[in-house]
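The values are calculated or read from the model by the stated rules, or taken from the named source; none is laboratory data. Just so it is clear, the structure is predicted and the values come from calculations on it, not from any experiment. A quick note on method: Cβ atoms are made from the backbone with ideal geometry, for glycine too, and the neighbour counts reach across all protein chains shown. Please note that ligands, DNA and RNA were not included when accessible areas were found on the heavy atoms of the full protein model with its side chains. Shrake-Rupley method; radii C 1.70, N 1.55, O 1.52, S 1.80 Å.
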Amino acid sequence: MKNIVLIGMPASGKTTISELLAEKLEMEKYDVDIYLEEKEGRLIKDIFSEFGEEYFRDLEEKYTNELSDKDGIIISTGGGVIKREKNIENLKKNGIVIFLDREPEEIAKEDHTLRPLLQDIANIEKLYGERYHLYEGYADYIVRNNTSLEQVIETIIKIINEVGE
């Protein structure tokens, strides 16, 4: 069975939806950011501040590739995974890539105290504008996350069943 890979903006619902999907489909799930932090023994924010974004992206690529080699898992990616085409190549070699598209206005409604890039709607819209074409271009399927979680899960399961995996 192919992997189910969720990409999208920070706070688009990737982590929550991957957890619910894993439970419903009885599959293992991995969050790339959590996996990276566990492997490195430090938080991403500390890696960023100490070594910079390029070093973090190198680690992200390494662990994205590692997870891509597994079979039949759900992978929830970080919002910036699309910044390197190699990440998507790795994820697609054994996975179906689903872009969870959530409108900036919906993202802005939540509390993002721990996410500096999501502190105001202008930043969220800027990030969305910069990244949307990448998410859309890399996705095998686009699922709008503007309904209930149950409907989003049902839509993803329908896609997986249609693919025949």
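Brief remarks follow.
- With helices as the sole contributors, the chain gives -17000 deg cm²/dmol at 222 nm; each DSSP H run of n ≥ 4 counts as -39500 (n - 2.57), and the sum is divided by every residue.
- The fraction of accessible area contributed by carbon and sulfur in the chain is 47 percent, rounded to a whole number (1.4 Å probe; ligands and nucleic acids excluded).
- Of the peptides 48-59, 92-103, 3-14, the order by per-residue mean of other Cβ atoms within 10 Å, starting with the highest, comes out as 3-14, 92-103, 48-59.
- Dipole magnitude of the chain about its Cα centre (Cβ charges: Lys, Arg +1; Asp, Glu -1), debye to nearest 20: 260
- Amide H contacts for residue 29 (H built 1.01 Å from N in the peptide plane; partners 5 or more residues away or on another chain; cut-off under 5 Å): 74.
- Structure note, pairs 24/109; 29/92; 29/109; 86/158; 70/92: Cα-Cα distances above 23 angstrom occur for 24/109; 29/109; 86/158.
- Solvent-accessible surface of segment 1-46, taken per residue with a 1.4 Å probe and all protein chains present: 50 Å².
- Computed on the Cα atoms alone, the convex hull of the chain gives a volume of 108 cubic angstrom per residue.
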